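What follows is a short report on a single structure.
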């Protein structure tokens, strides 16, 4: 079933990170769901934070009072921890760092753990590669290639002023942002137990996940996530995935459907994704029916 109400949000982007499959475009939809369900006083929690585009937008727009960004990937965790708690330092680095192939090579070595580095240096290396690699994919090559002969070059996505401003905002909002590095299912269970959160889960894709993410899931991890969510259908949660048959099977009986995003790192056309929601959320979405 195609979900007619899930339309790409074309508002301002606040996150500093470009992320494959990033869900900033779902901000408007998530805002409507949160407000219609009366969950606007809850913490908005993302167990697989990544670029956290929707989370930051919802906080800045005062849709929710607090957000929780979690990512098991030590590099992504280091970025968010540094951007919120050491914002001034990161802003300064953004303004001064050379945008050269030599610097790109150094930042890649930091990211790969090939040189000694502090957590904040790892966090900055994550940002640097994210903004200078093709499509924001951390294990991809540099924009423009080693020859820098293409139309777009290493600095094409590294707007110093814009990035510094986005990081400043994160620092200003740090008291309203929790950053953790837990296994996603552990994070979800903790928030379900507290019963004070709205959970939006956007885990690594079932297919091509190993290309897009360093922390790709295996089959057991996809199943473990399904077990946790299927056991807590009275809690407010939304889940998005690539539209794979295995995902439909794991959530058989849940309320689900497909929607389209105009961008993904590995396809240039519209890309169909699957959304699954808890029973608590489904009550506020008339176009959903149980999958067969």
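The values are calculated or read from the model by the stated rules, or taken from the named source; none is laboratory data. The structure presented is a predicted model; accordingly, all values stated were derived computationally and were not measured. Reconstructed Cβ throughout: ideal geometry from the backbone, glycine too, with neighbour counts over all protein chains shown.
Worth a mention:
- Taken over the range 252-292, the criterion of being at pLDDT 80 or above, surrounded by 15 or more Cβ atoms within 10 Å (Cβ to Cβ) and part of a strand (DSSP E or B) is satisfied by 255, 256, 257, 259, 273, 274, 275, 276, 277.
- Residue check, residue 130 within 17 Å of the chain's Cα centre (by Cα), surrounded by fewer than 18 Cβ atoms within 10 Å (Cβ to Cβ) and at negative phi: no
- Scope the range 113-156; condition touching a residue at least 40 places away in the same chain (Cβ under 8 Å) and under 15 Å from residue 103 (Cβ atoms); matching residues: 124, 125, 126, 127, 130, 131, 142, 146, 148, 154, 155
- Taking the listed residues 200, 213, the one that is surrounded by 16 or more Cβ atoms within 10 Å (Cβ to Cβ), modelled with pLDDT of 95 or more and under 29 Å from residue 91 (Cα atoms) is 200, with no other qualifying.
- Just one of the listed residues (129, 163) is in contact with a helix residue (DSSP H, G or I) (Cβ under 9 Å, 6 or more places away or on another chain) and within 28 Å of residue 183 (Cα to Cα), and it is 129.
- Under the condition of being within 21 Å of residue 205 (Cα to Cα) and either at pLDDT 95 or above or not in a loop (DSSP other than H, G, I, E, B) (or both), the residues counted in the range 130-140 number 5.
- Given (1) crowded, with 19+ Cβ neighbours inside 10 Å; (2) in contact with a helix residue (DSSP H, G or I) (Cβ under 7 Å, 6 or more places away or on another chain); (3) at pLDDT 95 or above; (4) within 28 Å of residue 134 (Cβ to Cβ), index of the condition residue 27 fails: (3)
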